[in-house]
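The values are calculated or read from the model by the stated rules, or taken from the named source; none is laboratory data. In this text the structure is predicted, and so the values were computed from the model without any measurement. Virtual Cβ from ideal backbone geometry, glycine too; neighbours counted across all protein chains shown.
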Amino acid sequence: MAPQDAVLGWDDDTTAEAYAAFTRTFPMYGATSRDLARWAELSDASLVVDLCGGAGATARAILERVPHEATVLSLDSAAAMQRVGRRTLTDPRLSWITATAETLAAHVPPASVDAVVCNSAIWKTDTTTVFAAVSQVLRPGGRFVFNVGGGFAGVRHPDEQSTRTGPSLNALIHEIATSDYGYTPPPAVTSSPKLPPETITQYLADAGLPVLAMDVTAQRSTMAEKKAWLSIPVFARPEGNFTHAQRMRILDAAYALTTPDTPTITSWLVVVAQRPGGPQ
């Protein structure tokens with residue numbers, strides 16, 4: 001049974017408001033969005049899809065690069081996230097579609113899209129179905145640009161290891177939950193990365209989207225930003241039968257053992273694919 005104040009996924013008003021507040025206050029999603037928008041080469045685009053667009057952080061970066069007459073479609077299955085986005089991002093070039101990524105082709109005409117951009121979410125989807133849908137809606141020469149967290153891709157930027165000093169905030173959370181709340185962490189399981197580069201390349205090739213580039217980037221932040229991210233209900237730790245209030249007390253206790261401006265590095269694999277038939 002879920003705790004009384006449990007947050008049940010992304011389509012939750014509390015999560016949506018907290019997530020949007022985080023994106024306004026801290027640079028992580030804005031920086032990764034701008035990086036993806038740059039790779040998408042949007043200066044001449046007329047139609048762009050922000051896939052799994054949430055509350056609009058990536059749409060905002062796309063809008064900064066597309067022409068004034070362009071249209072941007074932000075597609076996401078969480079109505080709560082889009083309600084926040086509609087309130088905070090009112091650019092007339094932007095339209096919202098409440099639907100899953102897998103159904104993209106049902107909402108966009110074939111071969112009509114100049115670029116599809118997906119920030120921080122592709123590994124949560126049925127990737128083979130999504131890649132096929134993206135291939136269907138892209139025009140010849142259209143780009144598909146997305147990123148995959150380093151852990152999911154099995155990649156690590158060299159700076160990530162060299163910058164780390166002391167235990168991570170996640171590790172401290174689990175230590176305090178164990179010592180103060182009798183938490184039993186699940187057994188450690190060694191598993192292969194969900195979407196390593198070679199798997200991504202093959203899936204994209206199967207969908208008719210050859211890879212143009214892959215780049216392992218380092219997203220730099222601080223322990224204070226990491227704490228704020230873990231305060232978003234859907235990201236709160238540890239797993240298990242905790243209330244959100246308990247998770248926040250554990251987070252506060254763990255954070256008290258760190259230095260707020262301690263630098264942290266998160267690795268991302270950026271992938272750029274293109275539908276054949278247009279200019280390279």
inquiry  = Quick check on my filter: what residues within segment 225-243 are over 19 Å from the mean Cα position of the chain (by Cα) and either within 17 Å of residue 151 (Cβ to Cβ) or buried (at least 16 other Cβ atoms within 10 Å of the Cβ) (or both)?
reply    = 238, 239, 242
request  = Go through segment 166-201 residue by residue and tally those that are among the polar types (S, T, N, Q), surrounded by 13 or more Cβ atoms within 10 Å (Cβ to Cβ) and under 29 Å from residue 270 (Cβ atoms).
outcome  = 4
request  = State yes or no: is residue 222 hydroxyl-bearing (Ser, Thr, Tyr) and either modelled with pLDDT of 95 or more or in contact with a Gly (Cβ under 8 Å, 6 or more places away or on another chain) (or both)?
outcome  = no
message = What are the pairs with Cβ atoms under 9 angstrom where one residue, in segment 128-151, is touching a residue at least 12 places away in the same chain (Cβ under 8 Å) and surrounded by fewer than 23 Cβ atoms within 10 Å (Cβ to Cβ) and the other, located anywhere, is part of a strand (DSSP E or B) and of a type in the set (Ser, Thr, Tyr)? Sequence gap at least six, or different chains.
response = 149/266; 149/267; 150/266; 150/267; 151/267
Selected residue (only one of 185, 110 is part of a loop (DSSP other than H, G, I, E, B), at pLDDT 95 or above and either closer than 26 Å to residue 273 by Cβ or in contact with a helix residue (DSSP H, G or I) (Cβ under 8 Å, 6 or more places away or on another chain) (or both)) = 110
inquiry  = Given the criteria touching a residue at least 40 places away in the same chain (Cβ under 8 Å), on the phi < 0 side of the Ramachandran plot and not in a loop (DSSP other than H, G, I, E, B), does residue 178 qualify?
reply    = no
message = Being under 28 Å from residue 16 (Cα atoms) and assigned to a loop (DSSP other than H, G, I, E, B) narrows it down to one residue among 266, 258; which is it?
response = 258
query = Any idea how many residues of segment 46-76 are buried (at least 22 other Cβ atoms within 10 Å of the Cβ), touching a strand residue (DSSP E or B) at 6+ places or on another chain (Cβ under 8 Å) and part of a loop (DSSP other than H, G, I, E, B)?
reply = 5
query = Taking segment 202-219 as the search range and keeping residues that are assigned to a helix (DSSP H, G or I) and in contact with a helix residue (DSSP H, G or I) (Cβ under 8 Å, 6 or more places away or on another chain), which one is farthest from residue 268 (Cα to Cα)?
reply = 206
ask   = Of the residues that sit in segment 244-280 and are of a type in the set (D, E, K, R) and surrounded by fewer than 19 Cβ atoms within 10 Å (Cβ to Cβ), which one is farthest from residue 145 (Cα to Cα)?
value = 249
ask   = Just checking, how many residues over segment 113-135 are hydroxyl-bearing (Ser, Thr, Tyr), closer than 20 Å to residue 60 by Cβ and part of a helix (DSSP H, G or I)?
value = 0
task = Give the residues of segment 85-107 that are under 21 Å from residue 39 (Cβ atoms), in a helix (DSSP H, G or I) and over 15 Å from the mean Cα position of the chain (by Cα), sorted by residue number.
result = 104
